[in-house]
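Participant: Here it is, the structure, as structure tokens.
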């Protein structure tokens, strides 16, 4: 099998897709989605197929390590058709994690994300890819940005220290996007999603974000009969979360309708404290024990809430999934996956 066939996800049969309509914009589009097998990427790929994209290509790291220039050039060569590059690249690939992972690997998070983003955007411009969709991060905002975070305040201070290397590496794609549009007329856009959650999230305790980490703690404590769990910080910081399927809708809407280099927030407008979040997850998972706050661990940024009016105005994006409903679906998915993982253990024990 040649490399292109290994790369390309052929469109599933129509019977496997819940297609409302085939959008004329996407009908002829060939799209690379980096990170397409990851958390957000899997939802974006599904959304593109449902919108009728001609071809969706999801490169795998074992074949195309996007930190390396040669791999990027090889990817663009392998995915060209009759000498023409793909029409669009949606760059979702990232080296990312929660507070603990950011503290342990700041250099890797900075270098890996900087190299992937800047080299890929440059090579897409050189190869003639029509549009580049860059995905940034809420971690790029200043630590004490006024609430709600407005795109105009993105440069008004240094990010929260534990997230700064990752956030600034991603933020460089905004600088590059604006510079390449100004000098070369290149069509690239930059989106700033808030923290994501949902089914298929990363539940690894060493690298997960707060929602999957808390879900896992509560579910496992409940299963073991533990009488307490420990959470980081004092519970006072607030966060905004966006359901991953909603985020994918925002990415695809922007890819279709937005053609400027001003940054655009993607969020839900729902702000919740870490303390209330932890109590909600405990209630939804059935954990009735004590929550102990480890104040020797960092809180992270004091507050996060986005102004999402620009996304509504420019490409009519609004989150559709209520927060508690999204949590219920995420918990149900994790419990199902956990039960599946336990089945081989039970069989061996028998």
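The values are calculated or read from the model by the stated rules, or taken from the named source; none is laboratory data. Everything quoted here is computed from the prediction, not taken from an experiment. Every residue, glycine as well, gets a Cβ built from its backbone with ideal geometry; the counts of neighbours run over all protein chains shown.
Participant: Among the residues of the stretch 327-344, is there at least one that is in a helix (DSSP H, G or I), without any contact (Cβ under 8 Å) to a residue 12 or more places away in the chain, in contact with a strand residue (DSSP E or B) (Cβ under 9 Å, 6 or more places away or on another chain) and closer than 30 Å to residue 258 by Cβ?
Facilitator: No, every residue in the stretch 327-344 fails to be in a helix (DSSP H, G or I), without any contact (Cβ under 8 Å) to a residue 12 or more places away in the chain, in contact with a strand residue (DSSP E or B) (Cβ under 9 Å, 6 or more places away or on another chain) and closer than 30 Å to residue 258 by Cβ.
Participant: Kindly provide the set of residues from the stretch 65-74 that are touching a strand residue (DSSP E or B) at 6+ places or on another chain (Cβ under 7 Å) and assigned to a helix (DSSP H, G or I), ordered by number.
Facilitator: Looking only at the stretch 65-74, we keep the residues that are touching a strand residue (DSSP E or B) at 6+ places or on another chain (Cβ under 7 Å), and these are 66.
Within the stretch 65-74, no residue meets the criteria.
Participant: Another one. Is it the case that some residue within the stretch 271-291 is within 30 Å of residue 175 (Cα to Cα) and touching a residue at least 24 places away in the same chain (Cβ under 8 Å)? Working first, answer last.
Facilitator: Initially, the stretch 271-291 is screened for residues within 30 Å of residue 175 (Cα to Cα), giving 271.
Subsequent filtering for residues that are touching a residue at least 24 places away in the same chain (Cβ under 8 Å) retains 271.
Yes - at least one qualifying residue is present in the stretch 271-291.
Participant: Filter the stretch 140-169 for residues that are closer than 20 Å to residue 40 by Cα and either modelled with pLDDT of 95 or more or more than 22 Å from the chain's Cα centre (by Cα) (or both) and give the result. Working first, answer last.
Facilitator: At the first step, the residues of the stretch 140-169 found to be closer than 20 Å to residue 40 by Cα are 140, 163, 166-167, 169.
Hits for the stretch 140-169 are 140, 166, 167, 169.
Participant: Anything in the stretch 84-113 that is assigned to a helix (DSSP H, G or I), under 19 Å from the mean Cα position of the chain (by Cα) and at pLDDT below 95? List them, or say none. I'd like the intermediate steps shown before the answer.
Facilitator: Pass one, the stretch 84-113, residues assigned to a helix (DSSP H, G or I): 99-104, 106-113.
Going one step further and asking which of them are under 19 Å from the mean Cα position of the chain (by Cα), we end up with 99-102, 106, 108-113.
Hits for the stretch 84-113 are 99, 100, 101, 102.
Participant: For residue 200, state whether it is over 25 Å from residue 303 (Cα atoms) and assigned to a loop (DSSP other than H, G, I, E, B). Reasoning before the result, please.
Facilitator: Numbers: over 25 Å from residue 303 (Cα atoms): yes; assigned to a loop (DSSP other than H, G, I, E, B): yes.
Here the answer is yes, as residue 200 does meet what is asked.
Participant: Pick out, from the stretch 242-296, the strands (runs of 3 or more DSSP E) lying fully within it that include 1 or more residues that are surrounded by 22 or more Cβ atoms within 10 Å (Cβ to Cβ) and in contact with a strand residue (DSSP E or B) (Cβ under 9 Å, 6 or more places away or on another chain).
Facilitator: Numbers: elements: 264-266, 271-273, 290-294.
Result: 264-266.
Participant: Limited to the stretch 101-114, what total is found for residues that are touching a residue at least 40 places away in the same chain (Cβ under 8 Å) and surrounded by fewer than 18 Cβ atoms within 10 Å (Cβ to Cβ)? Walk me through it before giving the result.
Facilitator: Filtering the stretch 101-114 down to residues touching a residue at least 40 places away in the same chain (Cβ under 8 Å) leaves 101-103, 106-107, 109-114.
If we keep only those that are surrounded by fewer than 18 Cβ atoms within 10 Å (Cβ to Cβ) too, we end up with 103, 106-107, 111.
Counting residues in the stretch 101-114 that are touching a residue at least 40 places away in the same chain (Cβ under 8 Å) and surrounded by fewer than 18 Cβ atoms within 10 Å (Cβ to Cβ) gives 4.
Listed here are the residues, each with its yes/no results for (1) outside any loop (DSSP other than H, G, I, E, B); (2) over 28 Å from residue 42 (Cβ atoms); (3) in contact with a helix residue (DSSP H, G or I) (Cβ under 9 Å, 6 or more places away or on another chain); (4) in contact (Cβ under 8 Å) with a residue 24 or more places away in the chain.
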{"site": "208", "(1), (2), (3), (4)": "no, no, yes, yes"}
{"site": "220", "(1), (2), (3), (4)": "yes, no, yes, no"}
{"site": "223", "(1), (2), (3), (4)": "yes, no, yes, no"}
{"site": "235", "(1), (2), (3), (4)": "no, yes, yes, yes"}
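Participant: Pairs please, first residue from the stretch 298-324 and on the phi > 0 side of the Ramachandran plot and outside any loop (DSSP other than H, G, I, E, B), second anywhere and modelled with pLDDT under 95 and surrounded by 21 or more Cβ atoms within 10 Å (Cβ to Cβ), Cβ atoms under 6 Å, 6+ apart in sequence or on different chains.
Facilitator: none
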